[in-house]
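The next block holds one structure in the form of structure tokens; read it before the comments.
Just so it is clear, none of the values below were taken in a lab; they were calculated from the coordinates. Small disclaimer: the values here were computed from a predicted structure and weren't measured. We place every Cβ from the backbone using ideal geometry, glycine too, and count neighbours over all the protein chains shown.
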Amino acid sequence: MAQTVRAVKGTRVFWPRDSAVWTEVEAVCRRVFSAYGFGEIRTPVLEHTELFVRSVGENSDIVGKEMFSFNDRKGRALSLRPEGTAPVVRAFVDAGLANSALPARLYYLGPFFRYERPQKGRYRQFHQIGAEILGDPGPLVDAELIAMLMRFFGELGHRNLEVLINTVGDAASRENYRKALLKYLRPRTAELSEDSQRRLETNPLRILDSKAPGDTEILAAAPQLIDHLSDESRDHFDRVVAALDTLEIPAIRSPRLVRGLDYYTRTVFEIVSGDLGALDAIVGGGRYDDLMQELGGAALPSIGFAIGQDRLIETLPAEFAARIPEGPRRMVLAIGEAAAMPALKLAESIREAGSAVVLEGPRRGLRKSLKYAHRLGIAEVLMLGDDELATGIVTSRDLDSGEQKSLVIAELLASLEETQ
Ligand code: AMP
């Protein structure tokens, strides 16, 4: 026997039952995001590798070791997109939209790719729902974006959520802080975890994120970024916090929250779900006031977030299932070859009348067809045989009770149309 072809590691298939949940979540997303004036953008899955090197950062984990990168047939270095912000900004710059109506409010959803060790909730092809506000310095939109997220999560039925918020300051504040942090950490290098030792040279701010117990102890006494902020950055942060207060969104100031992507400036935030056990983030975001300029565009301050859709869905409350639309509850069944074409036509007429229906031809006999109907969760089977053809009626069988009754086809169609 020929060998089977397995799925690529870290990828998944979504069968109709799963897809129905994903589609419903996406419908809620589209509805909520539209209410805030966002429009959908669809960017390519493939980008030049350089885009992510210049934006996410050469020393970030993502670019350093997690990208699916390859040379195309002409030797161009390409990567499957590992995140969504850089492609959106690139597209915006490419299209020359700096003078369009600003701010631009864009959202996206789709697959992203990172070469990570597959584990619970982490995949190599995963999915993000993200939104960006391009060309607004905040701070009101910072809070508005978080409010939109909370509304979206609320509409999905998520309850156990916490907003963690911090500021990483502007580029100058961060540089000051980087120096102070290095001055403190360098003499303690030997006591740091291996990961943090590596980051000391490449991306010292990321050490603040470390969960290694030894690191946490050292970091407890480390200089704080908040003490190195410019007045402007501090004022921005205070105003974001005040705006969240106005909206009665409880946010926890988290001085050690720094995100793994280099382009963040000022506001950074995560929303974590207690339902995930380890209080894992389902969404991360922040300002990236310098990114567009770094990618050759105008100096337009911007902010965005990305939700991990896989995790979002894995943690949906059980009640959400009740909102998933069901498949057809009705079947048209042809009994005998002569009924095949009339059954095909009847099924189409039922759909024309606005109802969903599954058609079952005569090929495998009544018993097997009824068993199939049961497995599909069909409630009513409309049976069409020789007698019915002669009289313009169908026999309707209730699959639960087994009861049967005759229905005049014309009347059935009229009543279906009425219930629309
Ligand atoms: P990031 O783009 O790293 O800020 O991630 C944003 C969100 O995407 C995270 O909070 C995760 O929920 C989700 N995410 C990132 N990488 C993966 C992955 N490999 N598999 C599943 N979800 C992911």
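Rounded if a/c is under 1.5, else prolate if a/b is larger than b/c, else oblate: which is the stretch 242-342, with a ≥ b ≥ c the root eigenvalues of its Cα gyration tensor?
Working: a/c = 3.69, a/b = 2.18, b/c = 1.69.
It is prolate, given that a/c is not under 1.5 and a/b is the larger ratio.
Using 0.36 nm per residue of separation minus the Cα-Cα distance, give me the extension gain between ALA318 and THR391 in nm, one decimal. Don't skip to the end; give the middle numbers.
Details: separation 73, 0.36 × 73 = 26.28 nm, distance 4.79 nm.
Taking 0.36 nm per residue and subtracting the Cα distance, the gain is 21.5 nm.
3J(HN,Hα) along the stretch 132-145: 9, 10, 9, x, 9, x, x, x, 4, 5, 4, 6, 4, 5 Hz, from the Karplus curve 6.51 cos²θ - 1.76 cosθ + 1.60 with θ = phi - 60°, whole Hz, x for Gly and Pro. Evaluated at q = 0.06, 0.08, 0.14 Å⁻¹, the base-10 log of the normalised Debye intensity for the chain, with identical point scatterers placed on the Cα atoms, takes the values -0.37, -0.59, -1.24.
If you build a Gaussian network model of the chain, linking Cα atoms that sit under 10 Å apart, which residue out of GLU47, GLU217, GLU24 swings the most? Of the options given, GLU217 has the highest mean-square fluctuation.
Between ALA172 and TRP22, what's the calculated FRET efficiency when r is the beta-carbon distance and R0 is 35 Å? Round to 0.05. Given R0 = 35 Å and the Cβ-Cβ separation, E is 0.25. Were the residues from ARG329 through PHE68 laid out at 0.36 nm apart, the gain over their Cα-Cα distance would be 89.6 nm.
Cα centroids of the stretch 40-70 and the stretch 342-381: 49 Å apart.
Mind checking the stretch 100-197 for GluC sites (Glu not before Pro) that DSSP puts in a loop (not H, G, I, E or B) and that have at most 16 other Cβ atoms within 10 Å? Spell out each step's value before the answer.
Numbers: sites: GLU116, GLU132, GLU144, GLU155, GLU162, GLU175, GLU191, GLU194; in loops: GLU116.
Within the stretch 100-197, the qualifying GluC sites (Glu not before Pro) (loop, at most 16 other Cβ atoms within 10 Å) are GLU116.
Remark: the Cα gyration tensor places the stretch 72-117 in the oblate category, a/c being 1.5 or greater and a/b not exceeding b/c.
Just add up the charged neighbours of CYS29: K/R +1, D/E -1, any other residue whose Cβ is under 15 Å from the Cβ of CYS29. Working shown, then result.
Numbers: positive: ARG30, ARG31, ARG42, ARG105, ARG151, ARG311, ARG323; negative: GLU24, GLU26, GLU40, GLU132, GLU155, ASP310.
Summing Lys/Arg as +1 and Asp/Glu as -1 gives +1.
In this structure, the residue pairs whose Cα-Cα separation is over 28 Å, taken from LYS120/LYS368; LYS74/LYS120; LYS368/LYS405; LYS120/LYS371, are LYS120/LYS368; LYS74/LYS120; LYS120/LYS371.
In percent, what relative contact order does the chain have, based on Cα pairs under 8 Å that are 6 or more apart in sequence? Relative CO of the chain lands at 15 percent.
Most exposed first by the Cβ proxy, i.e. fewest other Cβ within 10 Å, how do ARG364, ARG311 rank? Walk me through the intermediate numbers first.
On the way: ARG364 11, ARG311 21.
By the 10 Å Cβ count, ascending: ARG364, ARG311.
Here's the picture: charge each Lys and Arg Cβ at +1 and each Asp and Glu Cβ at -1 in the chain, and of ASN71, ALA343, LEU134 the one pushed furthest to the positive end of that dipole is ASN71.
Between VAL5 and VAL45, how high is the FRET efficiency from 1/(1 + (r/R0)^6) when r is the Cβ-Cβ distance and R₀ = 30 Å? Nearest 0.05. List each step's numbers first, then the result.
On the way: r = 22 Å, r/R0 = 0.72.
So, using R0 = 30 Å, E works out to roughly 0.90.
About its Cα centre, the dipole of the chain is roughly 1480 debye, where the only charges are +1 on Lys and Arg Cβ and -1 on Asp and Glu Cβ.
Could you give the length gained by full extension between GLU248 and TRP15, i.e. 0.36 nm per residue of separation minus their alpha carbon distance, to one decimal place?
Details: separation 233, 0.36 × 233 = 83.88 nm, distance 3.94 nm.
Length gained between GLU248 and TRP15: 79.9 nm.
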